[in-house]
Amino acid sequence: MRHWRHATAVVAALALGVTGCGRDDGGPGAGGPSAGGAIAEGKATGEITVWAMGAEGEKLKALADDFTRENPAAKVTVTAFPFDAAHDKLATAIAGRQTPDVSMMGSTWMGEFAKTGALDPTPAGLFDQAAFFPGAWDTTVVDGTAYGVPWYVETRLIYHRTDLAAKAGVGKPANWQELTAFAKGLKEAGGAKWGISLQPGGTGAWQSFLPFAWQAGADVLADGKFTLDTPQMRTALEYYASFFRQGLAPSQVAPGAQESGFVSGDIGAFVSGPWHMSILREQGGAALEGKWDVAPMPREKAGTSFIGGADLVVYRDTDNRDTAWKFVRYLTSPAAQQKLYDLVGSLPAVTATWQSGKLADDPLLKAFGAQLADAKSPPAMATWEQVADVIDDGIERVVRGVTDPATATREMQAKASAIGTGS
């Protein structure tokens, strides 16, 4: 998922309102089922409404039309709206029990919305979990129950200027030590002003930092308790901050400056997702062609990256559960996954789609597919966005030299524990 954020306090109040206003069929943490009931055999019938966001929402009608051609007795009405409005629109709909039958949902929102009891557990046996990237499937699981299925995914790799790397005599970094040497080489011998660009704090910095935490063997949560103040987390934060302390990464990056800096050669490398491929091709043009590549995340104890994207969910208040889930099943078929990629470039969550065509042949796309096999998301919890703000703040304070990693992780642990997981 890209940086999808929202007004947490308002949303929390709305979510609490749902659980306190008549839902007695249980959600996770309230004796909810471990799997939903089966759906009927046969073709889909009747009407459903579907909400989706961004480019995927704008193009979803084409997939809905394919579905209704196969199921002529069914009707799918798609409503598309911007990403910025998505979270609060869903929260308001849940609070008022005016939900659609199906919606797209940001993968890091699953814990929050599942806790409201508004989501229908994924029907047992309807989907093959092994067909999806493991990290993507994990985003749907809250307290042992899957709510929905992954629709599309993204992960992060190291974009880098190959011409500057060749000039510096450095290759793709395999571990942390080599990544530091890589950034130094790009700056000192390659001619870049900055060896690498990393997010120095602020909204969404956790998405840049947590892969390094996972690589160090750290995690956010274990056995229901926060684990933000551990030696592994401190090691990761110290390593992340070292790029800024050594002058290898800029402590401030204005919007658009990362891309223009990479094109000009001022920035030798940066970590980002697949959307940057088209941005670099557009901004760099022929002059940049053949001068950049992507590298997997470095491996310490692990080589894990972040996995984001969006899931598909069905709401418990649906009046047409069978058709809702049949439409979700259709959208996760290899053919529909391929068409979504062809329409908007969203990377498929179903691994079989990566076995042919451009996804199998393009070296850059293959690199993203390989990294998706070792990628994860933060734990699904109702309070994740609040906890994410705490992590973002801790990162920024260390990067700017306001505090040290040991103090920052201790404060992060205390603040996150005070917030709780919402269970």
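Read-outs: derived from the displayed coordinates by stated rules, not from any lab. None of the values given here were measured: they were computed from a predicted structure. In this analysis, Cβ positions are derived from the backbone assuming ideal geometry, glycine residues included, and neighbour counts consider all displayed protein chains.
Of note:
- Unit charges on C-beta of K, R, D, E only; dipole of region 48-130, Debye: 220
- Shape category assigned to the chain from the gyration tensor of Cα positions, a/c cut at 1.5: oblate
- Amide H contacts for residue 197 (H built 1.01 Å from N in the peptide plane; partners 5 or more residues away or on another chain; cut-off under 5 Å): 269, 270, 271.
- Dipole magnitude for the chain: about 680 debye, using +1 per Lys or Arg Cβ and -1 per Asp or Glu Cβ, origin at the Cα centre.
- Residues 263, 344, 220, arranged from fewest to most other Cβ atoms within 10 angstrom of their Cβ, appear as 344, 263, 220.
- The charge dipole of region 198-292, taken about its Cα centre with unit charges on the Cβ atoms of Lys, Arg (+1), Asp and Glu (-1) only, comes to about 100 debye.
- Degrees between helix 83-95 axis and first principal axis of the chain (Cα, 0 to 90, nearest 10): 40
- Karplus-derived HN-Hα couplings along region 157-172 (A = 6.51, B = -1.76, C = 1.60, θ = phi - 60°), whole Hz, x at Gly and Pro: 10, 9, 6, 8, 7, 5, 5, 6, 5, 5, 4, 7, x, 10, x, 4
- Karplus 3J(HN,Hα) series, Hz, for region 128-135 with 6.51 cos²θ - 1.76 cosθ + 1.60 (x for Gly, Pro): 8, 4, 5, 6, 9, 4, x, x
- Degrees, to the nearest 10: 231-245 long Cα axis against longest axis of the chain: 60
- Three-way shape label, region 265-423, alpha-carbon gyration tensor, a/c 1.5: oblate
- Calculated [θ] (222 nm, deg cm²/dmol) that DSSP helices of n ≥ 4 give over the chain, each run adding -39,500 (n - 2.57): -13500 deg cm²/dmol
- Charge dipole (the chain, unit charges on Cβ, about Cα centre) - positive-most of 191, 381, 370: 191
- Exposure proxy order (Cβ contacts within 10 Å, fewest to most) of 279, 94: 279, 94
- A DSSP coil position with no more than 16 other Cβ atoms inside 10 Å describes the following GluC sites (Glu not before Pro) in region 254-340: 289.
- Crossing angle, helix 321-331 versus the chain [Cα axis fit, 0-90 degrees, rounded to tens]: 30
- Close amide H partners of residue 403, meaning residues 5 or more places away or on another chain with modelled amide H under 5 Å apart, are 398.
- In this simple spin-label approximation, residue 84 and residue 266 carry label points 7 Å from Cα along the Cα→Cβ vector, and these lie 2.6 nm apart.
- Residue 375 long-range amide H proximity, modeled H, under 5 Å: 135, 305
- What the phi angles of region 382-387 give under the Karplus curve with 6.51, -1.76 and 1.60, with θ = phi - 60°, is a coupling list of 5, 9, 4, 4, 5, 5 Hz, glycine and proline written as x.
- Note on region 325-423: lysine pairs with Cα distance below 28 Å, sequence gap of 8 or more or different chains, count 10.
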